[in-house]
Amino acid sequence: MFRVILGLFVCTSLFGNGHIRVLLAQGEVTQPIEWQFITSKKSFLCAFSEGSLFCNGKRLPKNALRISTDDNRCAYQDAAYAGDIALIIQDNHWYIINNLLLDDYVYSVLRSESWPGWPLEVNKVFAIMVRTYAVHKIMVAKNQKKRPLFDIRATNVHQTYKGVHDFEHLRQAVNDTHDIIITYNKQPIVAMYDSCCGGVIPAQLSGFDFKSNPYLARPYACIYCSECKLFNWSFTYPHDTLLNLLQKEFPDIKQIKDIRVTASDKAGKALEISVVSGKTSKVHKTITASAMYRLCKDVRSFCYTIKKEGKDFIFAGKGFGHHMGVCQWGVRTMAKKGFLCKEILDYYYPGTTLMKLVTEPHHAAA
């Protein structure tokens, strides 16, 4: 139950009220290519060749195809998707786009971006976050001068979306929060979230536009995620293992004499790492924390230090993710302690308001 009177927020997507367009896959057209889509009644083998799109051997008048079904299901590759699927060829690129109801999208994403076995109140929080993030992406796409073909990507670049799943109990979290989003100044927020924040204070992080997104500049540490095993973490890289990784960035490095974080912000987020190599200690290589994160898959966040012990290098850090917005493990603890959905969202997104989507023209209320 929510303890506030919800205002109204108007959102109408290009495909019709209450829908979202999700990019499933894309690629460049460099040679003839085929795609297969399967419904409960028919299989569609599509191909692009000699400048034309074909479906089941028939040349189509346009380089676009949309598949709609009575049972609201269409399979592509190894997954089934609710709603419609469109195949579009444009500017020497192909796009596969899933158009579906927003709440069907939220329900699907909860499998990947939440913890399906956690309490209902936790998944209600996640449902509102996922929906808010999606609506924000819809609005960004809609407000572009030339609207793109899709609103959001299916990968963790945005939110991980894998189509239809069997966790039916997650539907209650979606239904209980139907059309509810988080807003700031009556606009959907950038509802960022991570797995475990590690107690890092977001307002102290550098390199983010907090002026435009003040609700992400939480000035206090989350005190609820310490039960997570990744609240504090460490990983040891043997010299040769780390050397092989760094050689992807610096092919001329033959050995590592030392490596350490040489620049960090007030939150403890690493910004720059210095690598001492060669036969003397005078040869230094500098690598950004982002590049190091990309190379070292066992590094869980950007807040870490590096220490040398013998021939090993120990990375010790806090949290799992980018440390901003909702901390999922913190939400779990807060729900167990009896906090309600609205209270949890207020804690992680200070200064925000819950509002209700309306999918027909309507004046937004405070």
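Just so it is clear, none of the values below were taken in a lab; they were calculated from the coordinates. All figures in this text were calculated on a predicted structure; none of them were measured in a lab. For neighbour counting, all protein chains shown are included, and Cβ atoms are generated from backbone atoms with ideal geometry for every residue, glycine included.
The loop-placed trypsin sites (Lys or Arg not before Pro) in the stretch 76-173, going by DSSP, that have at most 10 neighbouring Cβ atoms within 10 Å of their Cβ come out as 145, 146. Given R0 = 25 Å, the distance between the Cβ atoms of residue 56 and residue 78 translates into a calculated FRET efficiency of 0.70.
In straight-distance terms, cross-link reach from residue 42 covers every one of the lysines whose alpha-carbon lies under 16 Å from its own, apart from those fewer than eight places away in the same chain; here that gives 58.
Protection proxy ranking for 261-272, 33-44, using the average of other Cβ atoms within 10 Å per residue and placing the highest first: 261-272, 33-44. For the stretch 232-318, the mean projected area of the C-alpha convex hull, equal to one quarter of the hull surface, is 5.1 nm².
For the chain, the mean residue ellipticity at 222 nm estimated from helices alone is -6000 deg cm²/dmol, where every DSSP H run of n ≥ 4 contributes -39500 (n - 2.57) and the total is divided by all residues, rounded to the nearest 500.
Each residue of the stretch 23-30 is assigned a 3J(HN,Hα), and the resulting list reads 7, 8, 7, 7, x, 8, 8, 10 Hz, derived from the Karplus form 6.51 cos²θ - 1.76 cosθ + 1.60 (θ = phi - 60°), x at Gly and Pro. Coupling constants for the stretch 178-191 follow from the phi torsions by the Karplus curve (6.51 cos²θ - 1.76 cosθ + 1.60, θ = phi - 60°), and in residue order they are 3, 6, 8, 10, 9, 10, 9, 6, 6, 10, x, 7, 7, 7 Hz; glycine and proline get x. Rounded to the nearest whole Hz, the Karplus-based 3J(HN,Hα) values (6.51 cos²θ - 1.76 cosθ + 1.60, θ = phi - 60°) of the stretch 131-147 follow the sequence 5, 4, 4, 5, 5, 4, 5, 4, 5, 4, 5, 5, 8, 6, 4, 10, 5, with x at glycine and proline.
Quick one: go through the stretch 286-320 and flag any residue whose amide nitrogen is under 14 Å from the point 7 Å out along the Cα-to-Cβ line of residue 252. Residues 286 fall inside that zone.
Summarising the amide proton neighbourhood of residue 232: residues at separation of 5 or more, or on other chains, whose placed amide H is nearer than 5 Å comprise 319. Here the relative contact order of the chain, from alpha carbon pairs under 8 Å that lie six or more residues apart, stands at 21 percent. Across the options 82, 293, 246, the greatest Cα extent toward the positive end of the charge dipole of the chain (unit charges at beta carbon of Lys, Arg, Asp, Glu) belongs to 246. Within straight-line reach of residue 342, meaning a Cα separation under 20 Å, sit the following lysines at least 8 residues removed in sequence or on another chain: 124, 186, 356. Averaging Cα coordinates gives a centre for the stretch 134-174 and one for the stretch 19-41; these two points are 17 Å apart.
Of the trypsin sites (Lys or Arg not before Pro) found in the stretch 184-231, those in coil by DSSP whose Cβ has at most 10 other Cβ atoms within 10 Å are 211, 229. Each label was represented as a point 7 Å from its Cα along the Cα-to-Cβ direction; for residue 312 and residue 91 these points are 5.0 nm apart. Neighbour counts of C-beta atoms inside 10 Å place 236, 132, 30 in the sequence 30, 236, 132, starting with the fewest.
Across the options 334, 232, 172, the greatest Cα extent toward the positive end of the charge dipole of the chain (unit charges at beta carbon of Lys, Arg, Asp, Glu) belongs to 232. Among 224, 95, a tally of other beta-carbon atoms within 10 Å of each Cβ gives an order, fewest to most, of 95, 224. So, how do all the Cα-to-Cα distances of the chain break down into 20 Å bins, in percent, from 0 on up? Going from the shortest bin to the longest, the percentages are 25, 48, 26, 1.
Bridgeable lysines around residue 318 (alpha carbons under 22 Å apart, same-chain partners fewer than 8 residues away excluded): 229, 266, 269, 297, 307, 308. Listed by Cβ neighbour count within 10 Å, with the fewest neighbours leading, 126, 315 appear as 315, 126. Here the stretch 19-101 yields Rg over Rh of 0.94, to two decimals, using C-alpha coordinates and the Kirkwood radius.
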